[in-house]
Structure formats: structure tokens, C-alpha cells
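Engineer: My questions all concern the structure below.
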Amino acid sequence: MNEMNPELLASLSKYGQMATYGLAVLAVLILFGHLIKLLITKDYKAKYDYINMYEIKLLWRASLLLIIAGAIYANTLVSESGMLWFFVRIFVSTMFAIIAGVIIQNILKFYYPFYIEKRLKYLRYEPRISPDGRKMRLLSEEEEDVYLDEGMQAEENAFSIDYDVWIDEESGYTHIEKYNGRLTALKCSECNYQTLKVTNEEIIQSPTVTEEGELMKHYSCGYCGHKERKSFSIAKLRQEQPA
Ligand SMILES: [Zn+2]
């Protein structure tokens with residue numbers, strides 16, 4: 001029983017090729033869909049959020065499908081009909097698929113974010129256009145407070161949230177965008193990769209009217225696993241205005 005039934009082998013090969021094409025088409029559709037979405041999303045902020053949330057996930061999914069397709073395809077190429085060869089081919093192609101998967105995963109996790117970060121920076125800081133068609137100006141941290149309500153300011157001061165305030169200096173029109181600092185990676189002090197992210201924020205001490213509060217941010221590095229925490233102070237509560 002060292003030979004495999006040639007008919008069985010032929011039909012396996014046929015189905016293998018069909019699966020290969022199916023998976024490859026699916027991968028191409030994912031990539032194509034992503035490209036279309038990037039092209040039709042004109043709003044900078046919407047594009048920023050979309051890239052931030054989905055780009056790496058979609059690239060990983062497409063890569064995975066292509067790797068599996070490649071591995072299946074490799075098994076349909078050889079016509080050697082020995083049973084042993086059949087299993088050796090499956091084993092070797094699986095190993096290659098795993099190696100390819102690990103390499104691509106590492107690229108997407110540790111190198112690709114640099115490239116994404118660059119595009120995100122552009123999308124975040126490229127001047128917004130006011131309804132009147134004028135270029136708006138991004139206010140600095142000090143200038144923007146006037147335009148943020150108290151809740152927004154508290155969020156900014158305490159949590160990993162950034163509000164960008166754009167202003168049309170001629171008409172006074174303002175446009176506010178909210179950014180989640182938890183999604184943005186910082187440079188890790190251990191491995192120097194830009195893979196340090198906030199994992200948790202806890203209020204150690206709530207602020208009162210007389211005293212500042214304390215907030216602890218916990219960070220974790222996605223590359224080397226380095227963990228650190230930093231304490232931030234939360235501004236005193238404002239005295240209620242007497243009615
Ligand atoms: Zn690190």
C-alpha cells in the first residue's frame with residue numbers, strides 16, 4: 001500500500017487547484033476592496049481612522065490566504081504517486097507556509113507600523129479646509145482650550161485622548177477632531193521600536209476642588225514585552241460658579 005490510487009490523487013489535485021484559485025481570488029478582493037476604500041475616502045480624519053483600524057488586519061488576512069493558497073498549490077504540482085511522498089510534500093509545504101506566515105506577521109507588526117505612522121501623520125496634520133474653501137490652522141495645545149468644553153479638556157488632561165482644533169481665522173469657523181492616543185504607539189525605551197502602547201489607565205486619586213488627582217498609565221511593548229507605568233496628575237476641579 002505504498003502507492004496512492006491515481007484517480008484519488010488526480011481529484012485531490014483538481015480540488016487543490018480550485019481551492020488555490022478560490023483563496024487567491026479572495027485575497028485579491030480583500031486588497032482591492034481596501035484600495036478602493038482608501039481611494040474613495042476623501043476625508044482625512046475618516047481615512048486616518050480607517051487605516052488605523054483596518055489596514056494591518058486586512059493585509060494580514062490577505063497574506064494568510066495567499067500563503068495557504070501557495071501551500072496547497074505546491075502540493076498539486078508533483079505527480080509522484082508514492083504515499084510517503086504525499087505526506088512529505090504536505091509536511092514540507094506546511095513548514096514553508098508557517099515560516100512565511102511568521103516572517104510576514106513580523107513585518108506587519110514591527111516594520112510596517114513605521115510606514116503607517118508616516119501616512120497617519122500626514123493625514124492628521126494636513127491643513128483642513130473650511131466650508132468657505134479656506135485652509136484652516138491647527139491650534140496649539142495652549143490655544144485650543146478655549147474651544148474645548150470642560151469634559152473634553154478633562155479627557156485630554158487625564159486620558160490618552162487628543163482633540164485637534166482647526167480654525168478658519170477669517171470666519172472663525174472651528175472644526176474639532178478626536179484622536180485616541182491608545183492607538184498610537186510610542187518608542188519603547190528597551191528595544192527602541194515604535195511599539196509601546198497604553199494598555200490601561202486607572203485613576204489612583206480623583207481630583208477635588210483643592211487637590212490634584214493622580215492617574216496611572218500602564219504601557220506594554222508589543223515587540224519585547226517591556227512594561228512600564230507613568231503617573232500623571234489630573235487638574236483640580238474647577239470651583240462651581242455661584243449662581
Ligand atoms: Zn520594546
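The values are calculated or read from the model by the stated rules, or taken from the named source; none is laboratory data. No experiment lies behind these values; they were computed from the predicted model shown. Here the Cβ positions follow ideal geometry from the backbone for every residue, glycine too, while neighbour counts run over all protein chains shown.
Engineer: Within segment 162-199, can you find the residues that are of a type in the set (S, T, N, Q) and not in a loop (DSSP other than H, G, I, E, B)? Even if it seems obvious, please write down each step before you answer.
Structural biologist: Within segment 162-199, the first condition is being of a type in the set (S, T, N, Q), and the residues that meet it are 171, 174, 180, 184, 189, 192, 194-195, 199.
Within segment 162-199, 174, 180, 199 meet the criteria.
Engineer: Which one of these is surrounded by 16 or more Cβ atoms within 10 Å (Cβ to Cβ) and either modelled with pLDDT under 85 or within 16 Å of the ligand (Cβ to nearest atom) (or both): 187, 197? Step through it out loud before you land on a result.
Structural biologist: Working: 187 fails: surrounded by 16 or more Cβ atoms within 10 Å (Cβ to Cβ).
Just a single option satisfies the conditions, and that option is 197.
Engineer: Also, I was wondering about something else. For segment 200-243, enumerate the residues that are within 11 Å of the ligand (Cβ to nearest atom), among the hydrophobic types (A, V, I, L, M, F, W, C) and outside any loop (DSSP other than H, G, I, E, B). Steps first, please.
Structural biologist: Taking segment 200-243 first, the residues within 11 Å of the ligand (Cβ to nearest atom) are 219-228.
Now drop any that are not among the hydrophobic types (A, V, I, L, M, F, W, C), which leaves 221, 224.
Of everything in segment 200-243, just one residue is within 11 Å of the ligand (Cβ to nearest atom), among the hydrophobic types (A, V, I, L, M, F, W, C) and outside any loop (DSSP other than H, G, I, E, B), namely 221.
Engineer: Inspect all residues belonging to segment 94-110 and state whether any of them is among the basic types (Lys, Arg), in contact (Cβ under 8 Å) with a residue 40 or more places away in the chain and surrounded by 14 or more Cβ atoms within 10 Å (Cβ to Cβ). Working first, answer last.
Structural biologist: Quick first cut of segment 94-110, residues among the basic types (Lys, Arg) only: 109.
Remaining after also requiring in contact (Cβ under 8 Å) with a residue 40 or more places away in the chain: 109.
If we keep only those that are surrounded by 14 or more Cβ atoms within 10 Å (Cβ to Cβ) too, we end up with 109.
Looking through segment 94-110, at least one residue is among the basic types (Lys, Arg), in contact (Cβ under 8 Å) with a residue 40 or more places away in the chain and surrounded by 14 or more Cβ atoms within 10 Å (Cβ to Cβ).
Engineer: Let me ask another. Of the residues that make up segment 91-106, is at least one at pLDDT 90 or above, not basic (Lys, Arg) and not in a helix (DSSP H, G or I)?
Structural biologist: Start the filter on segment 91-106 by keeping residues that are at pLDDT 90 or above, which leaves 91-106.
Filter once more, so that each one left must be not basic (Lys, Arg): 91-106.
When the remaining residues are screened for being not in a helix (DSSP H, G or I), the result is none.
Checked segment 91-106: no residue is at pLDDT 90 or above, not basic (Lys, Arg) and not in a helix (DSSP H, G or I).
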